[in-house]
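What follows is a short report on a single structure.
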Ligand code: ACM
Ligand code: ZN
């Protein structure tokens with residue numbers, strides 16, 4: 001009924017405009033993520049050409065929340081009032097969507113609008129795995145541009161893993177000399193036993209990482225680096241084998257296939273802690289983010305069970321379970337980061353063996369780890385694989401629908417959009433949910449075009465769940481808003497978005 005009335009009103013305005021001989025064609029504007037409020041009224045703003053960027057008058061008003069903005073086009077000019085430069089930047093992203101619709105309608109007038117808007121969650125994140133496949137500095141910048149368009153304000157940069165160490169660390173040059181290169185890569189699906197026989201590698205210099213941090217900061221996006229420990233450590237151990245339980249003489253290698261590997265950092269070797277701390281010194285120097293991500297996921301404990309050094313440490317500390325070694329490493333690193341004024345964030349396995357109250361938990365194995373953590377009083381970022389693993393297929397019949405080879409799963413846009421960040425939580429526990437994030441793992445995503453195919457338009461669902469959960473509409477309306485507000489911009493920028501949701505394929 002509401003849509004019907006809006007359409008009727010637009011039609012009426014069009015008739016009046018034509019009757020008055022005005023140049024304007026009124027546009028019924030929509031926005032993704034849906035703003036807190038949007039009212040039509042006033043004469044709008046005349047443009048020099050359809051879709052051209054008008055002059056914007058910006059006022060910073062500290063009474064508003066820092067990311068809040070008011071966009072007013074009612075009185076012939078574009079006026080933005082914002083709580084900070086970040087709020088003004090988000091207002092500009094909204095304006096881009098309005099201009100795209102004005103241009104598409106062939107109009108040279110922005111309709112009169114008063115938009116008041118602010119995000120629900122302070123943390124709206126997207127992750128990119130640059131280890132399984134490497135993406136150039138320009139591609140990473142392009143990814144950051146996509147985040148900005150969707151008002152996503154955190155870029156979680158996955159920089160170390162079994163298949164490649166991608167961050168230059170000056171004190172440990174072998175991490176990139178050795179750890180950034182693998183001999184070859186698996187072809188086809190896991191278990192195929194076929195390899196391409198082609199060496200593969202790449203890393204970011206410290207200058208390049210600083211360049212990315214600065215590029216993101218200009219877009220009010222924080223970059224959170226991830227340095228994996230104690231698992232996903234094959235590339236680090238291939239570089240410095242003495243840090244593994246199997247010792248200096250073991251031929252660790254940078255992995256050429258996917259999965260979870262037994263090779264982990266030796267928790268009982270004090271040099272491991274020194275290494276991790278020195279690496280984090282350089283990482284903290286490059287990345288000013290409050291949070292530093294230390295991984296923590298998928299760390300098998302079989303080697304710790306057999307390792308004399310790990311067993312000696314357990315005895316010394318009075319531990320009875322290897323899980324306590326995981327907890328020991330994570331809390332040691334957390335205290336080190338805290339002394340540097342930083343906060344530790346890790347995947348939900350950091351809960352194993354006990355975690356300090358101040359650690360932030362990234363819930364990926366569904367929402368249950370996050371729910372448990374919030375109930376224990378820990379802060380949480382929700383990034384459940386059930387709703388926000390963007391490496392999953394986008395339809396129920398990937399082969400039939402021509403989806404490129406993927407890791408598996410079935411995560412259509414509709415499912416992303418249905419996520420309830422507060423499921424099973426009471427009022428005090430809800431306060432611990434600091435944000436939502438989508439993850440882009442790249443085992444089966446070798447090119448940046450393919451990344452775009454996986455993240456667009458599903459990032460739009462992440463954006464709306466994180467920015468405007470109370471303003472979510474019926475799914476069909478959401479898709480309609482993507483088509484009208486975002487697709488013209490995706491097209492103009494040449495983004496290789498996935499078509500399934502727009503063809504009603506699920
Ligand atoms: C993860 O997907 N292993 C965090
Ligand atoms: Zn050990």
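Readers should treat all values here as calculations from the given coordinates under stated rules, not as data from a laboratory. All of these numbers come straight from a predicted model, not from anything done at the bench. Using ideal geometry, Cβ is built from the backbone for each residue, glycine included, and neighbour counts are taken over all protein chains shown.
With N denoting the number of residues in the range 389-506, provide Rg(C-alpha) divided by 2.2 N^0.38 Å, to two decimal places.
The range 389-506 yields a ratio of 1.11.
How big is the range 51-189 along each principal axis, measuring the range of its Cα positions in Å and listing the largest first?
Result for the range 51-189: principal-axis Cα extents of 63, 37, 25 Å.
Once you put a point 7 Å from the Cα of residue 428 and another 7 Å from the Cα of residue 194, both along the Cβ direction, what distance in nm separates them?
That separation, rounded to one decimal, is 5.8 nm.
Computed on alpha carbon atoms, what radius of gyration and Dmax characterise the chain, expressed in Å?
24.6, 88
In nanometres, what is the gap between the two model label sites at residue 410 and residue 278, each 7 Å from Cα along Cα-to-Cβ?
5.1
Rounding to the nearest 10 and keeping the result within 0 to 90°, find how far the Cα-based axis of helix 2-19 lies from the longest principal axis of the chain.
50
Cα axis of helix 137-149 to longest principal axis of the chain: angle in degrees, 0 to 90, nearest 10?
Orientation of helix 137-149: about 50 degrees from the principal axis.
In percent, how large is the relative contact order of the range 215-346, given Cα pairs closer than 8 Å and 6 or more residues apart?
Reported relative contact order: 30 percent.
Quickly work out the residue 46-to-residue 506 label distance, labels modelled 7 Å from Cα along the C-beta direction, and quote it in nm with one decimal.
Between residue 506 and residue 46, the simple spin-label model gives 4.7 nm.
Measure nothing but the geometry: give the 0 to 90° angle between the long axis through the Cα atoms of 323-339 and the longest principal axis through the Cα atoms of the chain, rounded to 10°.
60
Which whole-number percent gives the relative contact order of the chain, counting Cα pairs below 8 Å spaced six or more residues apart?
Relative contact order of the chain: 14 percent.
Please work out the ratio of the alpha-carbon Rg of the range 128-191 to 2.2 N^0.38 Å and round it to two decimals.
After normalising by residue count via 2.2 N^0.38 Å, the value is 1.32.
What length, rounded to one decimal in nm, is gained on full extension from residue 340 through to residue 316, with 0.36 nm per residue of separation minus their alpha-carbon distance?
5.9 nm
Using just the C-alpha positions of the range 173-284 as equal point scatterers, what log10 of I(q)/I(0) does the Debye formula give at each q in 0.13, 0.16, 0.19 1/Å?
-0.61, -0.87, -1.08
How would 316, 68, 184 line up from fewest to most surrounding beta-carbon atoms within 10 angstrom?
316, 184, 68
For the range 277-374, just the Cα atoms, rotate onto the principal axes and tell me the three extents in Å, largest first.
38, 33, 20
For a footprinting-style exposure proxy, rank 240, 250 by other Cβ within 10 Å, fewest first.
250, 240
So what is the relative contact order for the range 53-137, in percent, with contacts set as C-alpha pairs under 8 Å and at least six apart?
The normalised contact order for the range 53-137 reaches 29 percent.
With a 10 Å Cβ neighbour count serving as the proxy for reagent exposure, in which order, fewest first, do 310, 416 appear?
In order of increasing Cβ crowding within 10 Å: 310, 416.
Kirkwood hydrodynamic radius for the range 294-441: how many Å is it when counted over pairs of different Cα atoms?
17.1
Report the antiparallel proportion of the DSSP beta bridges in the chain as a percent, rounded to a multiple of 5.
35
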